[in-house]
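Enquirer: Provided herewith is a single structure, encoded as structure tokens, for subsequent inquiry.
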Amino acid sequence: MKRIVTALVLVPIFVYTVVWAQPWVFWLAVAMVSSLCFREYSALVGLHHIQPPGLFGYAAGLVLLILPQPQFAFLVIVAVLALALSLRSRELAEALPFAGALVLGILYTYGAMRCAVELRSIDMYWLLFALSLNWVGDVAAFYVGRTIGRHKLAPRISPGKSWEGSIASVVAACLYAALYFPRLLPHVPLLEALAVAAIGNVSGQIGDLCESALKRGAGVKDSGNLLPGHGGWLDRVDSSLFALPVVYFLVSNLRFQP
């Protein structure tokens, strides 16, 4: 029940923020969610016995969100500074894990959400689709997996997931795309829309498994407890953090024009 109530509260806020909110409101929402995800990621890093990323991670991530354009040079500078900061480690063997965890965390959370900013600048309905894509798939995966799921997808990482549920998730995402695009993005050819839906959904499922692996390695069930019934923010958007950059890459390179 808590899971349903939380979803009913979040969905209207999510749709309003993506579609109708002023740019500064949208940016603040992105910055808040990114920072909360980075905070939970940092806690998981600590449970892996790696020095957690510090304030530099938040600062670099927020700068990444506000840069006029994503810049490769900035990411290189972040990596170099992360390695320089790792020199403070008490043991030299801790330097590389710290630097790696720091750079990964910035790209994993803030970098993925920067793709949300870029997608909204192309078309707010592209962003709405990229974010909702795996949520629709998750519902199908849950019910189909619980009903007929027999073959485990990744038993070592997430014992509850099945191949049947995973396939149902992709099918549901494609059906969702077939209904969504003619109404909200009618200029996108249906075949391309289905391809983006399938690729984005599979990417999101991999993101879900990756976050589960981080949690299992840390020995925890959830990344946080801020969302009743859902765990933490990282638990809620883990699939989106993988789907967003993939959908943005496809959209920006395929050059769909209205």
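Derivation of every value follows stated rules applied to the coordinates shown; laboratory data play no part. Computed from a prediction, not measured in an experiment: that's the story for all the values here. FYI the Cβ positions are ideal-geometry reconstructions off the backbone, even for glycines, and counts take in every protein chain you see.
Enquirer: Whether any residue in segment 47-67 is of a type in the set (S, T, N, Q), on the phi < 0 side of the Ramachandran plot and part of a loop (DSSP other than H, G, I, E, B) is what I want to check.
Expert: Taking every residue of segment 47-67 in turn, at least one turns out to be of a type in the set (S, T, N, Q), on the phi < 0 side of the Ramachandran plot and part of a loop (DSSP other than H, G, I, E, B).
Enquirer: Any idea how many residues of segment 142-169 are buried (at least 20 other Cβ atoms within 10 Å of the Cβ) and within 19 Å of the chain's Cα centre (by Cα)?
Expert: 3
Enquirer: Hey, among Val139, Val196, which residue is aliphatic (A, V, I, L, M), part of a helix (DSSP H, G or I) and surrounded by fewer than 22 Cβ atoms within 10 Å (Cβ to Cβ)?
Expert: Answer to the selection: Val139.
Enquirer: Let me ask something else about it. Residue check: is Ala59 free of Cβ contacts under 8 Å to residues at least 24 places away in the same chain, of a type in the set (Gly, Ala, Ser) and surrounded by fewer than 16 Cβ atoms within 10 Å (Cβ to Cβ)?
Expert: Considered against the rule, which asks whether it is free of Cβ contacts under 8 Å to residues at least 24 places away in the same chain, of a type in the set (Gly, Ala, Ser) and surrounded by fewer than 16 Cβ atoms within 10 Å (Cβ to Cβ), Ala59 comes out as yes.
Enquirer: Go through segment 205-249 and give me each residue that's of a type in the set (Ser, Thr, Tyr) and within 20 Å of Ala168 (Cβ to Cβ).
Expert: Ser212, Ser239, Ser240
Enquirer: Now for a different question. Go over the candidates Leu67, Leu87, Leu44 one by one and state the one that is surrounded by 14 or more Cβ atoms within 10 Å (Cβ to Cβ) and either under 20 Å from Ile122 (Cβ atoms) or out of contact with any Cys (no Cβ under 8 Å at 6 or more places or on another chain) (or both).
Expert: The match here is Leu44.
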